[in-house]
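Visitor: For reference, the structure I am asking about is given below.
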Amino acid sequence: MRRRGAPGAARRGAPRTALLAAAVLLAVLAGCGRQAGPGDAAGRPPGGGPAAGGEVPPVVDRVPTGDKVVFLTYDDGAERDPRFIDLVRERRLPVSMFLTDSVAGPGYAHFARLRSVGASLQNHTLDHPALRGLPYAGQRAEICGQQRKLASRFGVRPRLLRPPYGAYDTTTLRAAADCGIAAVVLWRVTLEADGHLTYTRGPRRPVPGDIVSVPSGEVPPLTLAERTTRLLRELGERGLGVGRLEDHLEHR
């Protein structure tokens, strides 16, 4: 659809000042892109806060892939099961740990051991607030603050963010971009505390490309190692393995 210029701007004999004003108006209109909605990786962030390079990270709950793999992601860091470290080492599981500083901080030595056997450490904010609706400064403080914590403790700056409760908005995406986040990671499958699987949408079974969330439980009936072992058994029965999420997202 063609945009209509400023009234009278194109009439013969109009003052040059009117022509200049019309040109400026058209330039401004042409530069107004649509705001990035949740999960829209191609949109531009709206105003109200800076964003790195004007781009926002994609939001994913699964990864299109031809590989017969799913991706195991663990939240918060409340459960520090030493047998889980043994399982990750023995099975060479490329798991992703999304850590909250106020939860995992007292046990960072445990996660250093996990990292030494192949786990990756990612961002789940400083204090686990629901980010959606918070002002830009508050969201940036939560995300960038955990980036700095993990960089200071482990020498790594995460590239992935999981917003607590899966709650995010366009402000989250702007803040994440400024903090160096490459992707915002949600999930399609949840491994519940008793070991059974639930689904947010789509097939009621694990399929290639699924991102599986394993939330922390206060007193789960099964340990982290037991729940993961049960999941691995089910994945094996379906001919599925475990992939490294970071590698697949970087190659999209």
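The values are calculated or read from the model by the stated rules, or taken from the named source; none is laboratory data. Bear in mind that the values here come from a model prediction, so they are computed numbers and not experimental data. Methodologically, a virtual Cβ is constructed for each residue, glycine included, from the backbone with ideal geometry; neighbour enumeration extends over all protein chains shown.
Visitor: Does any residue of region 81-99 turn out to be farther than 24 Å from GLY209 by Cβ, outside any strand (DSSP E or B) and either in contact with a Gly (Cβ under 7 Å, 6 or more places away or on another chain) or among the small types (Gly, Ala, Ser) (or both)?
Guide: Checked region 81-99: no residue is farther than 24 Å from GLY209 by Cβ, outside any strand (DSSP E or B) and either in contact with a Gly (Cβ under 7 Å, 6 or more places away or on another chain) or among the small types (Gly, Ala, Ser) (or both).
Visitor: I would also like to ask the following. So, in region 56-90, exactly how many residues are crowded, with 16+ Cβ neighbours inside 10 Å, of a type in the set (D, E, K, R) and touching a residue at least 60 places away in the same chain (Cβ under 8 Å)?
Guide: 6
Visitor: Right, here's the next one. Looking at ALA182, ALA225, which one is modelled with pLDDT of 95 or more and within 16 Å of HIS124 (Cα to Cα)? Give the steps one after another, and end with the answer.
Guide: Numbers: ALA225 fails: within 16 Å of HIS124 (Cα to Cα).
Selected residue: ALA182, the only one of ALA182, ALA225 that is modelled with pLDDT of 95 or more and within 16 Å of HIS124 (Cα to Cα).
Visitor: Do we have THR171 as more than 25 Å from ALA104 (Cα to Cα), among the polar types (S, T, N, Q) and crowded, with 17+ Cβ neighbours inside 10 Å here?
Guide: Working: more than 25 Å from ALA104 (Cα to Cα): yes; among the polar types (S, T, N, Q): yes; crowded, with 17+ Cβ neighbours inside 10 Å: yes.
So THR171 passes the test.
Visitor: Could you identify the single residue in PRO94, PRO135 that is surrounded by fewer than 18 Cβ atoms within 10 Å (Cβ to Cβ) and either on the phi > 0 side of the Ramachandran plot or modelled with pLDDT of 95 or more (or both)? If you could, list the steps in order and put the result at the bottom.
Guide: Details: PRO94 fails: surrounded by fewer than 18 Cβ atoms within 10 Å (Cβ to Cβ).
Exactly one of PRO94, PRO135 is surrounded by fewer than 18 Cβ atoms within 10 Å (Cβ to Cβ) and either on the phi > 0 side of the Ramachandran plot or modelled with pLDDT of 95 or more (or both), namely PRO135.
Visitor: Please give the number of the condition ARG115 fails out of (1) at pLDDT 95 or above; (2) buried (at least 19 other Cβ atoms within 10 Å of the Cβ); (3) assigned to a helix (DSSP H, G or I).
Guide: ARG115 satisfies every listed condition except (2).
Visitor: Among the residues of region 198-252, what is the count of those that are farther than 17 Å from ARG62 by Cα, crowded, with 19+ Cβ neighbours inside 10 Å and in contact with a Phe, Trp or Tyr (Cβ under 7 Å, 6 or more places away or on another chain)?
Guide: Final tally of qualifying residues: 2.
Visitor: Determine which member of the set GLY53, GLY66, GLY107 is modelled with pLDDT under 95, part of a loop (DSSP other than H, G, I, E, B) and of a type outside the set (D, E, K, R).
Guide: Numbers: GLY53 fails: part of a loop (DSSP other than H, G, I, E, B); GLY107 fails: part of a loop (DSSP other than H, G, I, E, B).
One residue alone meets the criteria, GLY66.
Visitor: Being free of Cβ contacts under 8 Å to residues at least 40 places away in the same chain, assigned to a loop (DSSP other than H, G, I, E, B) and either among the polar types (S, T, N, Q) or in contact with a helix residue (DSSP H, G or I) (Cβ under 6 Å, 6 or more places away or on another chain) (or both) is the filter here, so list the residues in region 130-155 that pass it.
Guide: ALA130
Visitor: Here's something else I'd like to know. Would you point out the residue of region 146-204, among those that are aromatic (Phe, Trp, Tyr) and in contact with a strand residue (DSSP E or B) (Cβ under 9 Å, 6 or more places away or on another chain), that is farthest from TYR136 (Cα to Cα)? Walk me through how you get there before you give the answer.
Guide: We begin by selecting, within region 146-204, every residue aromatic (Phe, Trp, Tyr); these are 154, 165, 168, 187, 199.
So of that shortlist, the ones also in contact with a strand residue (DSSP E or B) (Cβ under 9 Å, 6 or more places away or on another chain) come out as 154, 168, 187, 199.
Working: PHE154: 27, TYR168: 12, TRP187: 24, TYR199: 31 Å.
Ranking the candidates gives TYR199 first.
Visitor: Would you mind telling me which numbered condition in (1) buried (at least 16 other Cβ atoms within 10 Å of the Cβ); (2) touching a residue at least 40 places away in the same chain (Cβ under 8 Å) GLY195 fails?
Guide: (2)
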